[in-house]
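The values are calculated or read from the model by the stated rules, or taken from the named source; none is laboratory data. None of the values given here were measured: they were computed from a predicted structure. Methodologically, a virtual Cβ is constructed for each residue, glycine included, from the backbone with ideal geometry; neighbour enumeration extends over all protein chains shown. What goes into the accessible areas is simple: the full protein's heavy atoms, side chains included, and nothing from ligands, DNA or RNA. Shrake-Rupley method; radii C 1.70, N 1.55, O 1.52, S 1.80 Å.
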Amino acid sequence: MNLATRPMPVSLLGRAFSNLVRSPLFFVFTAFFGSLSLTASFFEKDGYWQHRIARQWARTSILISGARLTVSGRENLLPLAVYASNHTSFMDTPLVFSSLPFQFRILAKQSLWRWPFIGWHLRRSGQIPVDEESGTAGLNQAIRALKTGMPLFIFPEGGRTDDGTVQEFMKGPAYIAIRARVPLVPMALIGAYELLPIHSHHFRPGPVWLVIGKPIDSSMYGIRQVGELTQALREAIIQLSGQCLTRPEIVACSDDRLTSYEPRPEIAQED
């Protein structure tokens, strides 16, 4: 399925407002919350307050971007799982942080750890770096985190898509889920590519959806079936991504599929 969409052109006024207001505010608040996170890291060991700060940064970033976020599939959240989503935009991370109502760890490229403020938060809050070449150390650290009861989030594509389509997946998420014996939960971000495409510096405010799919039982797979589980995960995310797409751009979604974000009692809430 071809999921590519063509971002709408940005007007001169829209570019000016993005350059003069949205982008500066985004960087100012990223620095502010990054500094708060760094300070909090010296007074705690479990990352609780750092995660709350990250969630507030995420919500503020979404507000600044002008995105209108709707989350569906809340009933599919599990206390312990590997969560995986397509990767379409730099705004994907704020969208995920603002939506998952519990603390988790991100598995991300080691190069992000060199970024000011964001890298500081990643390092001090216990997120998990993966060497782009080997990745072995990061995968083993992720398995240990899951075995201590900490959920994990990862972008299986490894980087942002150039055209909005779902790219090939790395086998890491499936390998981690099988080794840790936890479910894989597919998630799809829709509209985030249009909000801030790769290589673009202009926000395009509009509707964005995060759709959480049904968990995939990794206990049905052995370590030699990592490829099969990876393919099952990719197909699930493609299906979730396509359920609200209309050519040539996102127009609307069914109210039955995109519902209000309601908490589940058995999932620990942070606020």
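Brief remarks on what is shown
- Cα pair distances of the range 30-93 binned at 10 Å [whole percent]: 17, 39, 37, 7
- The fraction of Cα-Cα pairs per 10 angstrom bin, counted from 0 for the range 165-218, comes to 21, 36, 27, 15, 0 percent, rounded to whole percents.
- Trypsin sites (Lys or Arg not before Pro) restricted to DSSP loop in the range 34-68 with at most 13 other C-beta within 10 Å: Lys45
- Only the Cβ atoms of Lys and Arg (+1) and of Asp and Glu (-1) were treated as charged; on that basis the dipole of the range 1-115 about its Cα centre amounts to roughly 220 debye.
- A convex hull fitted around the alpha carbon atoms of the range 71-207 yields 115 Å³ per residue.
- Computed accessible area, Asp162, all protein chains, 1.4 angstrom probe, square angstrom: 100 Å²
- Ordered by solvent-accessible area of protein heavy atoms (1.4 Å probe), largest first, the residues Phe97, Phe43 come out as Phe43, Phe97.
- Remark: the range 127-223 is approximated by an ellipsoid whose semi-axes, taken from the C-alpha gyration tensor as √(5λ), come to 28, 16, 12 Å, largest first.
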